[in-house]
1. From the cross-link list LYS43/LYS144; LYS177/LYS357; LYS164/LYS318; LYS175/LYS357; LYS375/LYS406, which pairs have alpha carbons spaced over 18 Å apart?
2. Hey, if you drop one equal point scatterer on each alpha-carbon of the chain and run the Debye formula without solvent, what base-10 log of I(q)/I(0) do you get at q = 0.10, 0.11, 0.13, 0.14 Å⁻¹?
3. Let me understand segment 163-300 better: what is its radius of gyration from the alpha carbons, and its Dmax, in angstrom?
4. Measure out, as a whole number of angstrom, how far apart the alpha-carbon centroids of segment 42-116 and segment 249-321 sit.
5. Could you work out Rg/(2.2 N^0.38 Å) for segment 245-291, with Rg from alpha carbons only?
6. Report the calculated FRET efficiency for GLU411 and MET204 (r = Cβ-Cβ distance, R0 = 51 Å), to the nearest 0.05.
7. Using a 7 Å offset from Cα along Cα-Cβ at LYS144, what residues in segment 37-58 end up with backbone N under 20 Å from the label point?
8. Scattering from the C-alpha atoms of segment 69-209 alone, worked out with Debye: what is log10 I(q)/I(0) at q = 0.12, 0.17, 0.21, 0.22 1/Å?
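Just so it is clear, none of the values below were taken in a lab; they were calculated from the coordinates. Since the structure is predicted, the reported quantities are computational estimates derived from the model, not experimental observations. Every residue, glycine among them, receives a Cβ derived from its backbone with ideal geometry; neighbour counts consider all protein chains shown.
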Amino acid sequence: MTTKSHSLKVSISGVRGVVGESLTPQLAARFASAFGTYVGRGKVVVGRDARTSGPMVKNAVIAGLLATGCQPVDIGIAPIPSALVFAEQSQSAGGVVVTASHNPPEWNGLKFLSPRGLYLNPSQVEEFLDIYHQGEFSFVPADKFKKITAEPDPLEPHLTRLLKALDVTMIRERKFKVVADCCNGAGAVLMPGFLEALGCRAVMINARPDGTFVRDSEPVPENLTEICRAVLEEKADVGFAQDADADRLAIIDERGEPLGEELTLALAVKHVLTETPGPVAVNVSATRAVDDIANAAGVPVYRTKIGEIHVVEEVIQKNAVIGGEGNGGVIWPRIHACRDSFSAAGLVLEMMAASGKTISELRDEIPFYVMLKDKVEATSEEGHRIVGELRRRHAGENIDTLDGLKIRFAEGSVHLRPSNTEPVIRILAEAKTREEAARLLASFRNEILRPKS
Ligand code: MG
């Protein structure tokens, strides 16, 4: 199977590429000029994660915005949720965040924000990309250039909302010991202050926001050995691991065991529903445990296509009280309609404080499912063709084609889809036992690699 892993990825979640290859300063400036034309000369918030290529890409973005008469507001390194809350609160015309999320360090990318501090929705993306492809940008003459504004405290609106929404007094009383691993990413600029405000004794690791990736940024168990060891050594109550732009969170229990990212969402859903029952919105692949928890609370679960914006739109439309993705991306709309590792961490600490239980005890109360993930390399074109074939082959079964192909069996489910951000087909199998999940995963991996004739 051939793979062009370095080609530019343009999707509803933005633009990603390898710096100097598919993501050049020219390209970043061109996208920013298209965005400046699209929003029409207003104030545009520009933030970035901690990647070493961040200053180059950010300055190219600022050049493109200035050229089209926008006023860039440079907020520097900021966790994604902080940038989004700031963009909303500052009544900007839009925003650009320079980040490639969990992609390897040689990557970078751009995410584009609406005036409400939300990612552009699919129809807005289409309109914006039309301008990009047509290349007719509204450049302004020299006497119309605006100044770049620097923002002294861009994290404040986000932190204030978090501390207002959480029961800070109750959490502070417990003086939790917390190990936090920020992957030397954007989370490092806020996590120490956030934990301190919650009265936690914080042990910070990988907390220099300098973009040196000491581990793979994706907060999945195999990348979390350092924090697991630290939680044990420090006898901490809990460990929190973020990805490089701090929208996703993984949790480590007091015995140094990673819970698995799906449990971040399940715990947040359970806690929020105990306090404020209401609708839940999650993507099609999120764990069945969410359905079990919502059923017990008597509230509906709305499922969406994969992609943060789809969940965000559903959260807003259905007035959900909580939502998110099974990759550790919790959306707590009381803070902002975006994935937020700080909301997730705060909710977990509040849950521990309110219940008086340890994190492993809380984990044991979540309905048990084993979810196994795998991926097979395939270009986007190959991926769509293969998944299409499998849809036809399994048409007689209990299938869901909302996004890719999900097949529900009595004993579990399997979900296959071509990724929007990487040249792979993602496979996800969930079942009540590890053996059954592994069997489903292997069987479908096999089907993808060696299609039956
Ligand atoms: Mg991320």
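1. Values: LYS43/LYS144 14 Å; LYS177/LYS357 14 Å; LYS164/LYS318 24 Å; LYS175/LYS357 14 Å; LYS375/LYS406 15 Å.
Exceeds cut-off: LYS164/LYS318.
2. -0.70, -0.86, -1.20, -1.37
3. Taking only Cα atoms of segment 163-300, I get Rg and Dmax of 15.6, 45 Å.
4. When both Cα centres are located, 28 Å separates them.
5. On the way: Rg = 11.8 Å, N = 47, 2.2 N^0.38 = 9.5 Å.
Rg over 2.2 N^0.38 Å, computed on Cα atoms: 1.25.
6. Values: r = 43 Å, r/R0 = 0.83.
Computed FRET efficiency for GLU411 and MET204 comes out at 0.75.
7. Only 37-45 pass the distance filter.
8. Debye curve over Cα of segment 69-209, log10 I(q)/I(0) at q = 0.12, 0.17, 0.21, 0.22 Å⁻¹: -0.63, -1.08, -1.37, -1.42.
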